[in-house]
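S.K.: A single structure is presented below for examination.
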Amino acid sequence: MCIVVETLLFIQALIVQKTCDHDYPAIKLCTLIKPPTHLSAEMKHIIILLGVFLHSFTYAAVTPWLDFTYQNGLITIPVKVSDIDSYAVLDTGAGLNAINANFVTAHKLKYKHSSNVNIEGAFASQRNKVYQKVPVSFFGINTNLEGLPEIALGNPNNSILFGRGFFKLFNTQIDYPNRRIRLLTHDHLDLKQYENIDFKIQKGYGQPIVKVELEGDSAWMLLDTGFTGGIMIERRYADKFGWLDTENEKMSFSGVNSTGETEHIKAKEVKFGAFSLSDVSVTFPAKGSKANIVSQYSATKSHVKGVKVKGIVGYEVFKHFVMTMDMKDGHLHISAPKSE
């Protein structure tokens, strides 16, 4: 019954959460989980639902493959919020769960507004609302989510963001080329035995960070399934490669609170574990743009220091691989899909 216990903890994390200082580069937020000291009637109801839904999985320890939908590189799964069919974005870079402001506006929804929280975006900081008792249905479970900050997720069809709390409960295997995902219990697979790339959980922040070699230079970067680009780096890091002295394509980049200008180049070589990729898109802030590359979409009160993280790696790199992640203890295995 290990999977039931782990999933119950995830539901507790969904129901009982409060914001803390953390990062999200395409929605970087954080949650501090506070387990309840007793089970409410609602929680007991959820346990029953979990028992029905996960009956077969409790003995298999591995879920069947589940097809997911891409939305411009974002992994999304179907959910209902306030009885409205929509999608949840699954994002390793997000520290907590949140609700899309555009979804709330599009459907003229009214939720209990309990407080506000300062959210630091890529180019600006803003004070956002926090909602309570948001009705959500997913995986056959009906519940009310508490403490959901309002953030800009773009497409109003995307209602909810599920962050790292989800990924920590299981070993998660994402087959990007074949657009499918499955979960494995930690006791079923000791991923430490199979890890083949430098990967760890950032001390103090709880962020998943991975070693990426960019043009021969090795750097820690945030592993972010919610970042739809290839690699985003700090401007001063771009200077190391002479990219500030070249004429680069310029584009607008929308953060959670505002828009800034970025420059784009193609890296000749990027090494991700044992694999080499060419012509990978690299983005960095344009001159005069002050961007918080790793700390965007975070609560603006963190002073915890950890390993220097120089950028973000996302979908344009991941799309070639099957990635098996242990977000609890910090292990990662990458491979080419069987179809290749």
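The values are calculated or read from the model by the stated rules, or taken from the named source; none is laboratory data. From a predicted model like this one, the values you see are computed outputs, not experimental measurements. Please note: Cβ atoms are built from the backbone with ideal geometry, for glycine as well, and neighbour counts cover all protein chains shown. Remember, those area values only see protein heavy atoms, side chains included, never the ligands or the DNA or RNA. Shrake-Rupley method; radii C 1.70, N 1.55, O 1.52, S 1.80 Å.
S.K.: Look at the stretch 114-162 and say how many of its residues are outside any strand (DSSP E or B), touching an Asp or Glu at 6+ places or on another chain (Cβ under 8 Å) and modelled with pLDDT under 85.
M.R.: To start, the set of residues in the stretch 114-162 that are outside any strand (DSSP E or B) comprises 121-124, 133, 139-140, 146-147, 152-157.
When the remaining residues are screened for being touching an Asp or Glu at 6+ places or on another chain (Cβ under 8 Å), the result is 133.
With the extra rule that they be modelled with pLDDT under 85, the set shrinks to none.
Qualifying residue count for the region: 0.
S.K.: Among the residues that make up the stretch 190-205, is at least one of them surrounded by fewer than 18 Cβ atoms within 10 Å (Cβ to Cβ) and at positive phi?
M.R.: So far as the stretch 190-205 goes, yes, one or more of its residues are surrounded by fewer than 18 Cβ atoms within 10 Å (Cβ to Cβ) and at positive phi.
S.K.: Need a quick list: strands (runs of 3 or more DSSP E) entirely within the stretch 245-305 having at least 1 residues that are open to solvent by 10 Å² or more (accessible area, probe 1.4 Å) and at pLDDT below 90.
M.R.: Details: elements: 249-254, 259-267, 270-272, 275-277, 280-285.
In the stretch 245-305, the matching strands (runs of 3 or more DSSP E) lie at 249-254, 259-267.
S.K.: Ok, one more. I'd like the full set of residues that are open to solvent by 50 Å² or more (accessible area, probe 1.4 Å) and under 15 Å from residue 70 (Cβ atoms), limited to the stretch 315-340.
M.R.: 316, 319, 320 - these are the residues of the stretch 315-340 that are open to solvent by 50 Å² or more (accessible area, probe 1.4 Å) and under 15 Å from residue 70 (Cβ atoms).
S.K.: A further question follows. If you take the residues in the stretch 173-200 that are touching a helix residue (DSSP H, G or I) at 6+ places or on another chain (Cβ under 9 Å) and not in a loop (DSSP other than H, G, I, E, B), which one is nearest to residue 333 (Cα to Cα)?
M.R.: Initially, the stretch 173-200 is screened for residues touching a helix residue (DSSP H, G or I) at 6+ places or on another chain (Cβ under 9 Å), giving 174, 176, 183-188.
Now restrict to residues that are not in a loop (DSSP other than H, G, I, E, B): 174, 183-184.
Working: 174: 11, 183: 14, 184: 14 Å.
The selected residue is 174.
S.K.: Being open to solvent by 30 Å² or more (accessible area, probe 1.4 Å), farther than 28 Å from residue 183 by Cβ, touching a strand residue (DSSP E or B) at 6+ places or on another chain (Cβ under 9 Å) and at pLDDT 95 or above is the requirement here; does residue 310 meet it?
M.R.: Details: open to solvent by 30 Å² or more (accessible area, probe 1.4 Å): yes; farther than 28 Å from residue 183 by Cβ: yes; touching a strand residue (DSSP E or B) at 6+ places or on another chain (Cβ under 9 Å): yes; at pLDDT 95 or above: no.
Spelling it out, it is not the case that residue 310 is open to solvent by 30 Å² or more (accessible area, probe 1.4 Å), farther than 28 Å from residue 183 by Cβ, touching a strand residue (DSSP E or B) at 6+ places or on another chain (Cβ under 9 Å) and at pLDDT 95 or above.
S.K.: Here is a further query. Of the residues that make up the stretch 76-95, is at least one modelled with pLDDT of 90 or more, of a type outside the set (Asp, Glu) and open to solvent by 50 Å² or more (accessible area, probe 1.4 Å)?
M.R.: yes
S.K.: Find the residue count for the stretch 201-244, including only residues that are part of a loop (DSSP other than H, G, I, E, B) and either touching a residue at least 60 places away in the same chain (Cβ under 8 Å) or not hydrophobic (A, V, I, L, M, F, W, C) (or both). If you could, list the steps in order and put the result at the bottom.
M.R.: In the first step, residues of the stretch 201-244 are kept if they are part of a loop (DSSP other than H, G, I, E, B); the result is 202-207, 215-216, 224-230, 234, 240-242.
Retained after the next criterion (residues that are either touching a residue at least 60 places away in the same chain (Cβ under 8 Å) or not hydrophobic (A, V, I, L, M, F, W, C) (or both)): 202-207, 215-216, 224-230, 234, 240, 242.
Summing the residues that are part of a loop (DSSP other than H, G, I, E, B) and either touching a residue at least 60 places away in the same chain (Cβ under 8 Å) or not hydrophobic (A, V, I, L, M, F, W, C) (or both) in the stretch 201-244 gives 18.
S.K.: Let me ask something else about it. Can you tell me which of (1) under 25 Å from residue 320 (Cα atoms); (2) at pLDDT 90 or above; (3) of a type outside the set (D, E, K, R) is the one residue 167 doesn't meet?
M.R.: The number of the failed condition is (2).
S.K.: A further question follows. If residue 183 meets every condition in (1) out of contact with any Phe, Trp or Tyr (no Cβ under 8 Å at 6 or more places or on another chain); (2) modelled with pLDDT under 90 apart from one, which number is that one?
M.R.: Condition not satisfied by residue 183: (1).
S.K.: Of all residues in the stretch 88-111, count the ones that are hydrophobic (A, V, I, L, M, F, W, C), part of a loop (DSSP other than H, G, I, E, B) and more than 11 Å from the chain's Cα centre (by Cα). Please lay out each step first, then the result.
M.R.: Kept after step one, since they are hydrophobic (A, V, I, L, M, F, W, C), are these residues of the stretch 88-111: 88-90, 94, 96, 98-99, 101, 103-104, 106, 109.
Restricting the remaining residues to those that are part of a loop (DSSP other than H, G, I, E, B) gives 94, 96, 109.
Of the ones still in play, those that are also more than 11 Å from the chain's Cα centre (by Cα) are 109.
So the count comes out to 1.
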